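Right, one structure below, let's go through it.
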């Protein structure tokens, strides 16, 4: 395999690096990376991996572009809203670099397809935003002997590491479970919709992940294997922590049900009731009286709320019990639907309410529904 004259010109700044040179660029061309998640972290990773000349890139993401993504997912623009992330990313990356091959999987990575998909790639780059998929990616990489470039973000903070890296003795290095043997409780750490994220943060962390992937493919530099890089954008403080093998970690030999493992269970109890945005609209247009309660924190409520809503933060919900009515329908909402579901369960299980429902997909879903309605 050689570089064409067009590639020699394109990658000239790489070729003049003594540490990389022609040999390193050929390794990139021969190499392959699967990026799991084409969102905030995936966007910069994909752009820089494609620009660097990684010969074969896989993109797996089942989602479509949403207007709320555009604050941080720099691969997309307003015209892409509603389109497949994976397909849109492929088109734009090939416009950036037509000398590479890109395979897209516009589906979710699951325990049923993970091993089959990742076995076709040298390096797996984890750009996901939930613990279920992080453990799935990690376990599949361990089973298949693949390097896992891990990254995560939350509000102003991000972290990066290189897991399952081959060591000189032939064994594999630490993996995600050495660092996090068990997931946190499902309601302890909110997602980006609940907790927010500084828009530039995934650009920083995703770019570092791309750099680590390039180092692994070329053998240039020292990857973050056995180390965890921590970055705080608010204080601009960085730390690098050493990560060691966990001697009590059981061997990873199979993929499990990660929803169960992470304590994520669908709301299926008879006493947990949802209301959709369209049904809420009908409710608003009817003459039926009801109480609308916003269970987000005060600062969230003050930044925007639904007309007629009362602020009763989940963290102080018990103090508001006397104000919650029992003689009419009560509708709860939060940002994404997670906290309102928890609040609903508390009101039913602990306080005997039978007249309460919560809004599916929360305030964010309502805004999206309203936006779609205006565009029709």
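Are any of the residues in segment 349-364 within 21 Å of residue 196 (Cβ to Cβ), in contact (Cβ under 8 Å) with a residue 60 or more places away in the chain and surrounded by fewer than 18 Cβ atoms within 10 Å (Cβ to Cβ)? Yes, segment 349-364 contains at least one residue that is within 21 Å of residue 196 (Cβ to Cβ), in contact (Cβ under 8 Å) with a residue 60 or more places away in the chain and surrounded by fewer than 18 Cβ atoms within 10 Å (Cβ to Cβ).
Of all the listed residues (211, 235, 244, 207), the sole one being at pLDDT 95 or above, more than 30 Å from residue 370 (Cα to Cα) and either in a loop (DSSP other than H, G, I, E, B) or not assigned by TED's automatic domain parsing to the domain that holds residue 171 (or both) is 235.
Does segment 61-72 include one or more residues that are in a strand (DSSP E or B), under 17 Å from residue 129 (Cβ atoms) and touching a helix residue (DSSP H, G or I) at 6+ places or on another chain (Cβ under 8 Å)?
In the first step, residues of segment 61-72 are kept if they are in a strand (DSSP E or B); the result is 64.
Narrowing the set further to residues that are under 17 Å from residue 129 (Cβ atoms) leaves 64.
Those left that are additionally touching a helix residue (DSSP H, G or I) at 6+ places or on another chain (Cβ under 8 Å): 64.
The answer is yes, given that some residue of segment 61-72 is in a strand (DSSP E or B), under 17 Å from residue 129 (Cβ atoms) and touching a helix residue (DSSP H, G or I) at 6+ places or on another chain (Cβ under 8 Å).
Cβ separations smaller than 6 Å between residues 6+ apart or across chains give the following pairs from segment 247-267 residues that are more than 18 Å from residue 141 (Cα to Cα) to residues that are assigned to a loop (DSSP other than H, G, I, E, B) and modelled with pLDDT of 85 or more: 262/183.
Filter segment 173-188 for residues that are in contact with a helix residue (DSSP H, G or I) (Cβ under 9 Å, 6 or more places away or on another chain) and either surrounded by fewer than 21 Cβ atoms within 10 Å (Cβ to Cβ) or not assigned by TED's automatic domain parsing to the domain that holds residue 114 (or both) and give the result. Spell out how you get there, then give the answer.
Taking segment 173-188 and keeping what is in contact with a helix residue (DSSP H, G or I) (Cβ under 9 Å, 6 or more places away or on another chain), we get 175-177, 180, 182-184, 186-187.
Listed by number, the residues that qualify are 177, 180, 182, 183, 184, 186, 187.
Please specify each residue of segment 1-48 satisfying the condition of being under 23 Å from the mean Cα position of the chain (by Cα) and part of a loop (DSSP other than H, G, I, E, B).
Let us first name the residues in segment 1-48 that are under 23 Å from the mean Cα position of the chain (by Cα), namely 32-48.
Hits for segment 1-48 are 37, 38, 39, 40, 41.
Selection over segment 155-172 of residues that are in a loop (DSSP other than H, G, I, E, B) and touching a helix residue (DSSP H, G or I) at 6+ places or on another chain (Cβ under 6 Å) gives a count of 1.
Within segment 124-140, track down each residue that is in contact with a helix residue (DSSP H, G or I) (Cβ under 7 Å, 6 or more places away or on another chain) and under 16 Å from residue 41 (Cα atoms).
Step one: filter segment 124-140 for residues in contact with a helix residue (DSSP H, G or I) (Cβ under 7 Å, 6 or more places away or on another chain), giving 124-129, 132, 134-136, 138, 140.
Answer for segment 124-140, where residues must be in contact with a helix residue (DSSP H, G or I) (Cβ under 7 Å, 6 or more places away or on another chain) and under 16 Å from residue 41 (Cα atoms): 124, 125, 126, 127, 128, 129, 134.
Only one entry of 117, 143 meets the criterion of being under 25 Å from residue 47 (Cβ atoms) and at pLDDT 95 or above, and that entry is 117.
Of 51, 79, all but one fail to be without any contact (Cβ under 8 Å) to a residue 12 or more places away in the chain, within 22 Å of residue 202 (Cα to Cα) and part of a helix (DSSP H, G or I); the exception is 79.
Quick check: anything in segment 175-188 part of a strand (DSSP E or B), touching a strand residue (DSSP E or B) at 6+ places or on another chain (Cβ under 9 Å) and modelled with pLDDT under 95? No, segment 175-188 has no match at all.
Just one of the listed residues (108, 52) is more than 24 Å from residue 135 (Cα to Cα) and out of contact with any strand residue (DSSP E or B) (no Cβ under 6 Å at 6 or more places or on another chain), namely 52. If you filter segment 62-86 down to residues that are crowded, with 16+ Cβ neighbours inside 10 Å and touching a strand residue (DSSP E or B) at 6+ places or on another chain (Cβ under 7 Å), you find that the one that is nearest to residue 28 (Cα to Cα) is 86.
The values are calculated or read from the model by the stated rules, or taken from the named source; none is laboratory data. These figures come from a predicted structure and were not determined experimentally. Here Cβ is always computed from backbone atoms with ideal geometry, including for glycine, and neighbour counts include all displayed protein chains.
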